[in-house]
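The values are calculated or read from the model by the stated rules, or taken from the named source; none is laboratory data. The structure displayed is predicted, hence computed values, not measured ones. All Cβ positions, even for glycine, are placed from backbone atoms using ideal geometry, and neighbour counts span all protein chains on display.
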């Protein structure tokens, strides 16, 4: 039998859940999960418990749409997860109901906005990298090699030392020693 789960959260300790719980009880939730935790906190024990109990055909109801997650993207990801798991989602404050065409439209709009944000961020990042490159700044892993470390590795290899021995002796990372070794062998 499908269940109706309610979820309520407040973002500060001095707030209380009474209003949300009242709305969820009036809706007819079989069980209500409650988190009293800051908005920035990643751990939400009650939400995790709710997610672990969901089955196909169940319904998740929140009194306020943005009480479901940390931020808009988190909420959208959760709602998309519900859709993938064939779980119905309802937000009482904004009238979202994923069983209705209007509810599906609203979620599609939110998903589109999230995608737009991601693409905008990527575009700004790329533009910033190109600008930095035009100004002669290097982005990412340092280019080339550390000549002093390269010579130390080369000398150690000439003395038939293993990679692990070179790492212990010089303190150079194993990945750098292997990279320098490969470079030396290819010359």
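Couple of notes before you dig in:
- Take the conditions (1) under 21 Å from the mean Cα position of the chain (by Cα); (2) without any contact (Cβ under 8 Å) to a residue 24 or more places away in the chain; residue 135 misses just one of them, which is (1).
- When the range 145-187 is limited to residues that are exposed (fewer than 13 other Cβ atoms within 10 Å of the Cβ) and not in a helix (DSSP H, G or I), the one that is nearest to the chain's Cα centre (by Cα) turns out to be 173.
- Within the set 15, 20, 34, 43, the sole residue that is farther than 27 Å from residue 118 by Cα and under 25 Å from the mean Cα position of the chain (by Cα) turns out to be 34.
- Enumeration of residues in the range 63-72 that are farther than 15 Å from residue 5 by Cα and part of a helix (DSSP H, G or I): 66, 72
- Residue match in the range 21-39 (condition: modelled with pLDDT of 85 or more, in the same structural domain as residue 93 (by TED's automatic domain parsing), closer than 16 Å to residue 69 by Cβ and outside any strand (DSSP E or B)): no
- Residue match in the range 100-117 (condition: at pLDDT 90 or above and over 23 Å from residue 17 (Cα atoms)): yes
- Only listed residue being in a loop (DSSP other than H, G, I, E, B) and either without any contact (Cβ under 8 Å) to a residue 12 or more places away in the chain or closer than 30 Å to residue 16 by Cβ (or both), chosen from 75, 79, 94, 60: 94
- Checked against the criterion of being closer than 17 Å to residue 4 by Cβ and touching a helix residue (DSSP H, G or I) at 6+ places or on another chain (Cβ under 7 Å), the candidates 21, 76, 96, 88 yield just one match: 96.
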